[in-house]
């Protein structure tokens with residue numbers, strides 16, 4: 001699918017993210033999942049095939065590639081991201097954090113923020129990916145086939161309770177209450193652990209994801225808050241999900 005850039009699309013921002021509840025995992029287990037995820041991302045788009053270790057500057061980061069992913073290297077970085085008080089012991093029940101990028105700059109870049117192995121119940125584990133805001137990479141990535149691939153990669157690697165890809169601008173304008181288990185995106189994945197997705201109005205598509213859950217795709221074209229029909233559709237789908245008990 002080819003996306004046409006508009007002033008609205010340039011001002012609107014997009015991301016992909018996945019969230020899951022308490023899950024005790026070691027740095028090595030988090031690293032293995034990350035390696036799977038990075039390899040799957042590389043097959044989604046060439047811009048997602050390059051990742052670099054965290055560094056003080058972009059120039060320094062480019063000297064330390066993470067691709068192809070090496071599990072011991074990733075495990076070491078996760079271990080350094082353990083929660084601890086300064087000079088005190090590690091709080092491993094709070095999991096391990098890792099934040100790194102793909103070497104892009106400014107609006108033409110992608111970051112990955114991963115928190116894995118938290119079993120305290122205080123905060124959800126997550127994988128969050130802000131997407132490029134403008135330029136040819138954004139035009140290519142913020143499209144139906146690429147975003148669907150990114151969400152499916154998140155599902156395969158992280159086995160989340162829910163995942164989404166879509167407009168952060170929409171989610172800021174229509175925020176969910178803190179009690180809601182998830183937000184709605186252009187693409188929204190719901191694990192069967194949360195319940196069964198009801199029938200939804202056209203042009204919405206509901207696709208099964210193996211035996212894990214359902215992927216809801218609101219529109220075949222780029223979802224944007226600049227299109228009132230898109231907003232109305234998202235609000236209607238949200239209403240139906242509430243009625244089905246999926247957004248308590």
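The values are calculated or read from the model by the stated rules, or taken from the named source; none is laboratory data. Just so it is clear, the structure is predicted and the values come from calculations on it, not from any experiment. Every residue, glycine among them, receives a Cβ derived from its backbone with ideal geometry; neighbour counts consider all protein chains shown.
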Which one is nearest to residue 143 (Cα to Cα) among residues in the range 216-229 that are outside any loop (DSSP other than H, G, I, E, B) and either in contact with a helix residue (DSSP H, G or I) (Cβ under 8 Å, 6 or more places away or on another chain) or in contact (Cβ under 8 Å) with a residue 24 or more places away in the chain (or both)?
217
Checked against (1) over 19 Å from residue 42 (Cα atoms); (2) modelled with pLDDT of 95 or more; (3) in contact with a helix residue (DSSP H, G or I) (Cβ under 7 Å, 6 or more places away or on another chain), residue 158 satisfies every condition except (1)
The lone condition residue 3 fails out of (1) surrounded by 15 or more Cβ atoms within 10 Å (Cβ to Cβ); (2) modelled with pLDDT of 80 or more; (3) not in a helix (DSSP H, G or I) is (2)
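Just the residues that are out of contact with any helix residue (DSSP H, G or I) (no Cβ under 7 Å at 6 or more places or on another chain) and either part of a strand (DSSP E or B) or more than 30 Å from residue 139 (Cβ to Cβ) (or both), please, taken from the range 198-215.
199, 205, 206, 207, 208, 210, 211, 213, 214
When residues of the range 20-51 are filtered for being touching a strand residue (DSSP E or B) at 6+ places or on another chain (Cβ under 8 Å) and part of a helix (DSSP H, G or I), how many remain? Give the steps one after another, and end with the answer.
Taking the range 20-51 and keeping what is touching a strand residue (DSSP E or B) at 6+ places or on another chain (Cβ under 8 Å), we get 20-27, 29-30, 33-34, 37, 50-51.
When the remaining residues are screened for being part of a helix (DSSP H, G or I), the result is 27, 29-30, 33-34, 37.
Looking only at that region, the number is 6.
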Do we have residue 169 as assigned to a helix (DSSP H, G or I), outside the structural domain of residue 38 (by TED's automatic domain parsing) and over 15 Å from residue 45 (Cα atoms) here?
yes
